Amino acid sequence: SPQVLPGLIGALAQRGDTAAAPALAPFVSDNDPTISLAAIEALTLIGDGSSVPVLIRAAAHGDKTCSDAAFNALLRLNHPQVSASLLACMQQTDTEGVTVLAEVMGKRRDTSVLPAIKELLQGSDGVILAATAQALAEIGAPSDSQLLCQALERADDEKCRQAVQKALVTLGNRFEASPEITDTILAGLNTENLTVRCALMDVCGRLNDEK
């Protein structure tokens with residue numbers, strides 16, 4: 001019954017029964033928020049790669065309590081399949097889901113996803129470009145400023161362009177505007193694209209200026 005189910009779900013989690021994770025995933029989207037929250041909290045403890053898609057949906061579209069719990073679960077999931085599942089979801093979810101994914105990948109500080117993030121960054125999808133730029137800014141190296149400058153050239157709308165600008169500022173300030181980053185940005189100012197040049201000038205003005 002609905003009254004008993006949350007307790008049963010919690011008991012599976014406390015037992016550490018990781019084999020139960022796939023069976024618990026559908027309960028994340030249950031209409032009863034008590035059951036949904038119990039499933040999310042259980043997957044936080046015993047979830048695997050199969051848990052990622054439902055948690056992304058809950059974080060992107062659930063009510064505030066379930067959304068926050070799902071986001072926290074995604075940060076805490078500790079299973080070898082999780083990184084690959086996060087990357088797979090990047091190309092299979094909606095705009096809100098992609099935004100959640102980018103923030104999760106950045107906050108997890110999982111450098112194993114870097115090669116795939118860099119590859120995705122070079123695609124043409126504006127939503128994915130903006131999201132992967134954000135993730136790269138959180139876990140990338142100073143040399144990745146070149147990839148972000150190239151992404152800025154390809155950004156085809158203002159929202160995407162602003163996301164890449166923000167990523168450049170984040171990366172620059174993480175490394176205290178290292179010479180490699182500032183040299184890359186200054187070299188980018190030679191572009192004939194006036195919009196990109198203005199964007200890079202804005203980035204220069206914001207380096208080491210974010211509190």
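Worth pointing out:
- Residue-level check: of (1) under 20 Å from the mean Cα position of the chain (by Cα); (2) over 21 Å from residue 132 (Cα atoms), residue 36 misses just (1).
- Count of region 181-211 residues, restricted to those that are farther than 26 Å from residue 128 by Cβ and acidic (Asp, Glu), is 3.
- Counted residues, region 137-166 - those being open to solvent by 20 Å² or more (accessible area, probe 1.4 Å) and of a type in the set (A, V, I, L, M): 3
- Selection of region 23-79 for residues being more than 13 Å from residue 10 (Cα to Cα) and among the aromatic types (Phe, Trp, Tyr) yields only 71.
- Qualifying residue in region 140-160 (condition: under 30 Å from residue 81 (Cβ atoms) and touching an Asp or Glu at 6+ places or on another chain (Cβ under 8 Å)): yes
- Complete set of residues in region 157-199 that are part of a loop (DSSP other than H, G, I, E, B) and hydroxyl-bearing (Ser, Thr, Tyr): 178, 191
- Of all residues in region 100-134, those being out of contact with any Leu (no Cβ under 7 Å at 6 or more places or on another chain) and under 20 Å from residue 79 (Cα atoms) number 10.
- Answer residue from region 122-136, given it is among the β-branched types (Val, Ile, Thr) and open to solvent by 10 Å² or more (accessible area, probe 1.4 Å) and is farthest from residue 108 (Cα to Cα) among those: 127
- Verdict on residue 132 being at pLDDT below 95, hydroxyl-bearing (Ser, Thr, Tyr) and farther than 29 Å from residue 91 by Cα: no
- The residue of region 119-156 that is nearest to the chain's Cα centre (by Cα), among those that are among the charged types (D, E, K, R) and part of a helix (DSSP H, G or I), is 138.
- In region 178-203, residue farthest from residue 144 (Cα to Cα) [restricted to those that are buried (at least 18 other Cβ atoms within 10 Å of the Cβ), out of contact with any Ser or Thr (no Cβ under 8 Å at 6 or more places or on another chain) and without any contact (Cβ under 8 Å) to a residue 40 or more places away in the chain]: 203
The values are calculated or read from the model by the stated rules, or taken from the named source; none is laboratory data. Predicted, not measured: the structure shown is a model, and the values here were computed from it. A quick note on method: Cβ atoms are made from the backbone with ideal geometry, for glycine too, and the neighbour counts reach across all protein chains shown. Each accessible area value is taken on the protein alone, full model and side chains, heavy atoms only, with ligands, DNA and RNA left out. Shrake-Rupley method; radii C 1.70, N 1.55, O 1.52, S 1.80 Å.
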